[in-house]
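Next up is a structure, given as structure tokens.
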Amino acid sequence: MYYSKQKVSNEALFTLARELFAMGKKIKFVVAGGSMRPFIRHNRDMVTLAGASFDKIKAADIVLTYDMQYKKYILHRVVKKNADNYYMIGDARTVLEGPFAPDDLIGVVTEIHRVRRNGGEKRIQVSGSFYRFLVRLWLLVRPFRPVIFKFYSILRGRRSIR
């Protein structure tokens with residue numbers, strides 16, 4: 001199978017994605033932005049995105065949504081779903097976003113592709129029980145995320161303790 005890398009706008013990519021989803025196809029793209037750390041890394045990890053229906057998404061799913069208010073695309077995790085809307089949060093964030101309407105939903109992540117420094121790739125099935133356990137745990141520690149990231153950066157030697 002042949003793959004080509006091209007840099008395209010979100011608008012162009014996700015307009016095409018909707019057409020492909022209607023044909024039952026999936027897309028794979030590199031994620032930009034740090035809001036989904038530690039589960040998805042900026043400009044390093046890729047995700048496979050499939051079409052999604054509002055009825056099938058559930059808490060802990062990573063979905064692509066179009067935010068009508070701010071006119072932007074958001075790839076974040078569903079944390080709450082009601083009969084007529086849903087709320088999301090980035091894994092590196094502490095504040096909920098939403099409510100979003102069912103029509104805002106574009107797709108759902110089915111796999112994360114962790115690109116290793118040696119060029120290899122690790123495929124992470126987001127439906128796996130261990131992965132879902134880690135996600136549930138991460139959602140529980142939401143208020144402590146800034147402290148966790150600060151502590152992690154100190155351990156990695158990025159900042160010193162004063």
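Bear in mind that the values in this text are calculations on the coordinates, not laboratory data. Everything quoted here is computed from the prediction, not taken from an experiment. Cβ atoms come from the backbone with ideal geometry, glycine included; neighbour counts cover every protein chain shown.
Loop only by DSSP, 16 or fewer other Cβ within 10 Å of the Cβ. Give me the chymotrypsin sites (Phe, Trp or Tyr not before Pro) in the stretch 56-142 that pass, ordered by residue number.
Tyr70
Further question on the same structure: Once phi is turned into ³J(HN,Hα) by the Karplus curve 6.51 cos²θ - 1.76 cosθ + 1.60 with θ = phi - 60°, what whole-Hz value does each residue of the stretch 37-54 show in order, with x for glycine and proline?
5, x, 7, 10, 9, 4, 6, 10, 8, 10, 10, 9, 10, 10, x, 9, 10, 4
Amide H to amide H, which residues 5 or more places from Ala52 or on other chains are under 5 Å from it, using H placed in the peptide plane?
Val108
Within the set Lys25/Lys56; Lys26/Lys71; Lys28/Lys150, which residue pairs have Cα atoms separated by over 20 Å?
Table pairs above 20 Å Cα-Cα are Lys26/Lys71; Lys28/Lys150.
Another question, if that's okay. Pop out the ³J(HN,Hα) list for the stretch 67-82 in order, Karplus 6.51 cos²θ - 1.76 cosθ + 1.60 with θ = phi - 60°, rounded to Hz; leave Gly and Pro as x.
Using θ = phi - 60°, the values come out as 7, 5, 5, 9, 6, 8, 8, 10, 10, 9, 9, 6, 10, 8, 9, 9 Hz.
Which of these values of semi-axes √(5λ) of the Cα gyration tensor in Å was calculated from the structure shown: [x] 45, 14, 14; [y] 100, 29, 14; [z] 26, 21, 15?
Matching the structure shown: [z].
Continuing with this model, one more query. Can you work out the Karplus-derived ³J(HN,Hα) for every residue in the stretch 99-109? Use 6.51 cos²θ - 1.76 cosθ + 1.60 with θ = phi - 60°, whole Hz, and x for glycine or proline.
With coefficients 6.51, -1.76 and 1.60, one gets x, 10, 7, x, 5, 6, 6, 10, x, 10, 6 Hz.
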